[in-house]
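These notes are about the structure you will find just below.
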Amino acid sequence: MEHAPQPAATGFAKIIHIDMDAFYASVEQRDDPALRGRPVAVGGSSARGVVAAASYEARAFGVRSAMPSTRAARLCPDLVFVPPRFDVYRAVSRQIHAIFHDYTALVEPLSLDEAYLDVTDDDRGIGSATRIAERIRARIRAETGLTASAGVSYNKFLAKLASDQNKPDGLCVIRPGEGAAFVARLPVARFHGVGPRGVERMAALGVDTGAALRALSLETLRQHFGAQADYLYRAARGIDLRRVEPDRPRKSVGAERTFASDIGSGPALRAALAEIAAIVWQRVEKADARGRTITLKLRSADFHTLTRARSLPRPIADADEFATLGRELLDGLLPLRQPVRLMGLTLSALGGDSPSGNTAPEGQGSLPF
């Protein structure tokens with residue numbers, strides 16, 4: 001159910017999106033001076049390893065998270081692989097989130113290193129949303145030795161875009177009246193929720209920027225993008241009706257991969273599954289989530305979808321158990337009648353999240369940006 005649009009003028013909400021800069025890699029560089037200034041990838045360096053995070057020095061070579069480690073090493077021969085230390089990342093995350101809660105109770109965590117904050121009510125009387133974001137960033141640097149980027153705006157969609165605008169260690173403010181023009185200049189690949197295939201489908205329609213997307217009618221968007229159409233229509237206009245939801249319960253964590261060519265052989269499918277399982281478990285760790293149910297999804301060339309799931313009476317223990325259970329689900333389907341074009345793996349029945357009885361305010365305050 002959508003919430004009513006937020007009121008105009010002084011009634012706009014004040015939303016901050018905080019995103020730590022290359023979080024895992026920055027923690028490793030902080031804790032090991034020998035890594036500073038060097039291209040670092042957090043993750044395994046084996047043939048089946050996947051990059052969990054890359055330092056900005058590594059990103060300059062094209063290394064990205066979720067990339068196979070073998071490809072990352074080819075792109076950057078001097079890349080230093082560091083095994084992840086999720087206990088350390090969680091501890092640092094607790095420090096950061098404690099800082100957030102010093103400024104507002106309306107904090108919606110997205111992962112260990114990212115959150116939305118609704119500061120409309122200015123609980124500490126600081127005077128502006130931008131000043132609150134500046135103080136949070138300064139405290140994160142002083143208390144953790146790490147940098148964070150922040151976006152300040154009147155809705156979540158724009159705040160998230162803004163936090164990415166001046167990375168790393170940057171701040172961007174999009175004020176009321178500026179959202180539509182800001183979005184119009186952006187490539188559609190910057191829109192949250194628009195992946196590589198979405199970008200390709202838009203390119204086929206001649207759409208490469210927010211302005212070009214805005215030129216499409218809602219009917220055209222629904223024809224080509226189905227359930228995502230309404231979101232795209234609003235996003236192209238800088239509109240987002242979602243509220244900040246403290247302690248939002250997460251239902252699942254997963255990943256999918258669409259293959260360049262259909263895969264039907266058992267060894268190739270198992271190799272692909274191992275890569276996807278590694279990506280999903282990294283997301284599980286980043287979200288600090290645990291779950292009991294694993295679901296495998298396979299989609300054939302004719303778009304027939306096959307799913308298999310298994311639930312345990314307890315949370316799945318670790319990455320190895322998760323990968324083993326996924327492989328068992330796959331092996332139970334082999335040999336396949338026809339090759340598949342897509343494979344997905346999901347962890348659900350998550351525990352540890354407490355549902356919130358709160359909702360963010362309508363944004364009736366007069367805190368300036």
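Just so it is clear, none of the values below were taken in a lab; they were calculated from the coordinates. Everything numeric in this text was worked out from a predicted model, so none of it was measured. A quick note on method: Cβ atoms are made from the backbone with ideal geometry, for glycine too, and the neighbour counts reach across all protein chains shown.
Order these peptides, 218-231, 132-145, by their mean beta-carbon neighbour count within 10 angstrom, highest first. Don't skip to the end; give the middle numbers.
Numbers: 218-231: 14.1, 132-145: 17.4.
Top of the packing list down: 132-145, 218-231.
Using a 10 Å cut-off on Cβ atoms, rank the peptides 204-213, 329-338 from the highest mean neighbour count down.
On the way: 204-213: 16.8, 329-338: 13.3.
In descending order of packing, they fall as 204-213, 329-338.
Given the rule -39500 (n - 2.57) for each run of at least 4 DSSP H residues, summed and divided by the residues of the chain, what is its mean residue ellipticity at 222 nm, to the nearest 500 deg cm²/dmol?
On the way: 13 runs with 132 residues, N = 369.
Roughly -10500 deg cm²/dmol at 222 nm, from the helical runs in the chain.
Tally Lys and Arg at +1 and Asp and Glu at -1 over the other residues with C-beta under 9 Å from the C-beta of Asp164: what net charge comes out? Before the final figure, lay out each step's value.
On the way: positive: Lys160, Lys167, Arg190; negative: Asp19.
Taking every other residue near Asp164 into account, the sum is +2.
Could you calculate the FRET efficiency of Ala268 with Phe81 from 1/(1 + (r/R0)^6), where r is the beta carbon distance between them and R0 is 22 Å, rounded to 0.05?
Values: r = 25 Å, r/R0 = 1.13.
The calculated FRET efficiency here is 0.35.
Using mean Cβ contacts within 10 Å as the protection proxy, how do 44-51, 103-110 order, highest first?
On the way: 44-51: 17.9, 103-110: 20.2.
Going by the mean number of other Cβ atoms within 10 Å, highest first, we get 103-110, 44-51.
Could you list the square roots of 5 times each eigenvalue of the Cα gyration tensor of the chain, that is, the equivalent ellipsoid semi-axes, sorted largest first and rounded to whole Å? Working shown, then result.
Numbers: eigenvalues 234, 138, 87 Å².
They are 34, 26, 21 Å, listed largest first.
Any chance you could check the Cα centroid distance between region 122-182 and region 316-347 for me, in angstrom?
Taking the Cα centre of region 316-347 as reference, the centre of region 122-182 is 40 Å away.
Work out which helices of the chain, taken as complete DSSP H runs, extend at least 27 Å along their axis over the Cα atoms and score a mean Kyte-Doolittle of 0.0 or more, then list them. Show your work: numbers first, answer last.
Values: long enough: 266-286 (30 Å, 0.45).
Membrane-span-like by this criterion, though nothing is claimed about a membrane: 266-286.
Using 0.36 nm per residue of separation minus the Cα-Cα distance, give me the extension gain between Tyr56 and Ala34 in nm, one decimal. List each step's numbers first, then the result.
Working: separation 22, 0.36 × 22 = 7.92 nm, distance 1.55 nm.
Working it through step by step, the gained length comes to 6.4 nm.
Given Cα pairs under 8 Å that are at least 6 residues apart, what percent is the relative contact order of the chain? It would help to have the intermediate numbers written out before the result.
Details: 737 pairs, mean separation 74.7, N = 369.
RCO, the chain: 20 percent.
Please identify, among Ile174, Ile96, Ile18, the residue showing maximal mean-square fluctuation in a Gaussian network model of the chain using a 10 angstrom Cα cutoff.
Residue with maximal mean-square fluctuation among Ile174, Ile96, Ile18: Ile174.
What Kirkwood radius, in Å to one decimal, follows from the Cα pairs of region 198-252?
Values: mean 1/r = 0.0800 Å⁻¹.
One over the average 1/r among Cα pairs gives 12.5 Å for region 198-252.
Before anything else, pin down the relative contact order of region 81-215: Cα pairs under 8 Å, at least 6 apart, normalised by residue count, whole percent. Before the final figure, lay out each step's value.
Details: 158 pairs, mean separation 17.6, N = 135.
Relative contact order here is 13 percent.
Taking 7 Å along the Cα-to-C-beta vector as the label spot, tell me the Asp302-Ala98 distance in nanometres, rounded to one decimal.
Going from the Asp302 label point to the Ala98 one covers 5.9 nm.
At a Förster radius of 35 Å, what calculated FRET efficiency corresponds to the Cβ-Cβ distance of Asp318 and Gln228, to the nearest 0.05? Don't jump to the answer; show the numbers that get you there.
Numbers: r = 34 Å, r/R0 = 0.97.
Once rounded, the FRET efficiency stands at 0.55.
Straight-line reach from Lys251: which lysines have Cα under 18 Å away, leaving out those fewer than 8 places along the same chain?
Lys286, Lys297
For a test of the definition: using alpha carbon positions, the gyration tensor, and the 1.5 limit on a/c, classify region 294-352 as rounded, prolate or oblate. Please list the in-between numbers first.
Working: a/c = 2.79, a/b = 2.01, b/c = 1.39.
The shape class here is prolate.
Give, as a single signed number, the net charge of other residues whose beta carbon lies under 11 Å from the beta carbon of Arg124, with Lys and Arg counted +1 and Asp and Glu -1. Please list the in-between numbers first.
Values: positive: Arg131, Arg135; negative: Asp102, Asp121, Asp122, Asp123.
Charge balance near Arg124 sits at -2.
Provide, as a two-decimal number, the C-alpha radius of gyration of region 252-351 over 2.2 N^0.38 Å, N being how many residues it has. Provide the component values of the computation, followed by the final result.
Details: Rg = 12.9 Å, N = 100, 2.2 N^0.38 = 12.7 Å.
For region 252-351, the normalised Cα radius of gyration comes out at 1.02.
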